[in-house]
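Student: Sharing a structure here in structure tokens format.
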Amino acid sequence: MQEPPPGLAELVRAAQGGDQLAVGRLLDLITPYVRRLCGPIALDDGADATQEALIAVFRKLPQLRDPAALFGWVRAIAVREAVRHATRSARSQPAELGELPAPGDPQLAADIRDVLSRLSPEHRAVLLLRDLEGLDERETAALLAVAPGTVKSRLSRARLSFRKAWQQ
Amino acid sequence: MPQWPVADFDPVRRLHVIAATAPGSARIDEAVLDAPFDRVWSVAADLERTMPLWIPDVRTVALRTSGTTGAPLQARIHGHTRLRATFAIDLSPGWCLMQSRLVLGGMAAHPETDRTTRFAFLGGLRFPGARLLAPALRPFTGSPLARFAALLDQDIDQEIGQEGKADG
């Protein structure tokens, strides 16, 4: 997750006040992060998921009380929107779950996109939040509105699927 | 480090986010134009010369810089009817967003292929209740994309004509 840049609070307040140039600049600031969140979850539908996630973010912007919390707040909205979009998409191809390599496993570097495509959007989201965003089980469970045990089982089953995929 | 997929995104999608979330009433239209990006954007970004030729109710555009680094460009725009307003403008390749106290406008473009360009135009009103008035105000906010495409063809024809004279 990114550190808040200087002047962020003023920019958020201006955007909340209806200044559309401020909205444009805030879009510039958060779009790269939203693309990195939506890409691994929505894969080929990443551009549509990013657009929907950004629309959801800016519709809810008046609800953001602490501008310093912007990126964590954006992450929660974007991941949920990406899962929702990918689940809805006909191109979503959830496969049997197995095992994912642990962070740093050289298998993961080979072709993560191919391996992600074998997982359901929910499992991709767990993998992204735990391994790329560094959230713990409790935080991941809260963001995805599931029980911590579900996160644990999804992650271990997803990692198993990864290993099986690579051993074929 | 594994290369996680990053979702695609472009200025036209960005303008859709603005249109979907702007307060008041905003309408966006887009088309794929039969000209390369550089050609399209050189015509679109020539605000003083071309805006009066294709945007509804724009008679004159006079640009002025604010003199402050990073501050938006400003333009005084007069219309054929009652429009008299100062707009703040963010302008960069493929992107133009402009707002006055009551009006929001925007353009976005990105290359579709080497020879074609996706181009979008946004027109909107920034005051409460604008949605109810939108049909009556369509002459101010309607889509002028057909006129822009014709202007583009005309500019290309003129250039070809000038090149022909120079060659002769």
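Student: Relative contact order for segment B:45-125 using alpha-carbon pairs under 8 Å, separation at least 6, rounded to a whole percent? Can you show the working numbers first?
Tutor: On the way: 146 pairs, mean separation 13.4, N = 81.
Across segment B:45-125, relative contact order equals 16 percent.
Student: Radius of gyration and Dmax for segment A:6-75's Cα atoms, expressed in Å?
Tutor: In Å, with Rg to one decimal and Dmax whole: 12.0, 35.
Only the coordinates and a few stated rules stand behind these numbers; no lab work does. As the structure is a computational prediction, the values presented were derived from the model and not from experiment.
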